[in-house]
Amino acid sequence: MTDKEILELYKAGEREKAFGEIVESYSERLYWHVRRFLCSHEDTDDLLQEIFIKIWSSLSSFRGDSSLYTWIYRIATNESLNFLQKQKIRAALRFESMSSKLEEKIDEDNGVDGNEAQKALMKAVQRLPAKQRTVFIMRWFDDLSYEDISEILGTSVGALKASYHFASEKIKTELEKYLK
């Protein structure tokens, strides 16, 4: 079912059915989107439930200024970043490094497909500054256009391209170290 059909279903009063279609259409994509930020299956599952609750409770206020797709991704991205910010504060209170904790989760997670090179890539992504990491995940892994990312993050396409370029260069440098 297309986003347009889902919205028409919602407007026709079939809200539960429309929401069910959103969950069916977006569960897997959002799972992997959020997972790339959090690096943990358990954290991702928990946060994904909260994201869908937020989508459900906010759907009545969706104005259609953006596409349903970018609106949903904006919610998922913001919730992921908020979760990480809370984790960062907790880690700081325990005198721990948040990036180190995320790297540990990458090593411990049996659900990460791939080899050591993929783990090295994920660790390099976690070492990026937050904005560069967000743009890199959305562009590289989610294959979103700069225009969609701009709509989701409320940032200009030019700034996103610059962030992505810097992120790519940092990751390239990190992976070159890994390959030596």
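Observations
- Relative contact order computed over the chain (Cα-Cα under 8 Å; 6+ residues apart), in percent: 20 percent
- Against the chain, whose longest principal axis is taken from its Cα atoms, helix 15-38 shows a tilt of about 10°.
- Rg/Rh ratio calculated on Cα atoms of region 1-61 (Kirkwood radius): 1.03
- For the set Val23, Val125, solvent exposure ranked by accessible area (probe 1.4 Å, protein chains only) runs largest to smallest as Val23, Val125.
- Straight-distance candidates among the lysines for linking to Lys177, with alpha-carbon spacing under 29 Å and chain neighbours fewer than 8 residues away dropped: Lys88, Lys101, Lys105, Lys119, Lys123, Lys131, Lys161.
- Counting only Cβ charges, +1 for Lys and Arg and -1 for Asp and Glu, the dipole size of the chain around its Cα centre is about 880 debye.
- Computed in the context of the full set of protein chains, the accessible area of the chain at 1.4 Å probe radius has 50% of its extent on carbon or sulfur.
- Considering helices alone, the calculated mean residue ellipticity of the chain at 222 nm is -25000 deg cm²/dmol, with DSSP H runs of length four and up weighted by -39500 (n - 2.57) and normalised per residue.
- Calculated SAXS-style log₁₀ I(q)/I(0) at q = 0.12, 0.16, 0.18 Å⁻¹ - the chain, Debye, Cα scatterers: -0.61, -1.02, -1.22
- Considering only Leu47, Asn78, Leu30, the residue lying farthest towards the positive end of the dipole of the chain is Asn78, judged by Cα position with unit charges set on Cβ.
The values are calculated or read from the model by the stated rules, or taken from the named source; none is laboratory data. Given the structure is predicted, the values throughout are model-derived calculations rather than measurements. Ideal geometry is used to build each Cβ from the backbone, glycine not excepted, and the neighbour counts take in all protein chains shown. Calculation scope for accessible area: heavy atoms of the full protein, side chains included, ligands and nucleic acids excluded. Shrake-Rupley method; radii C 1.70, N 1.55, O 1.52, S 1.80 Å.
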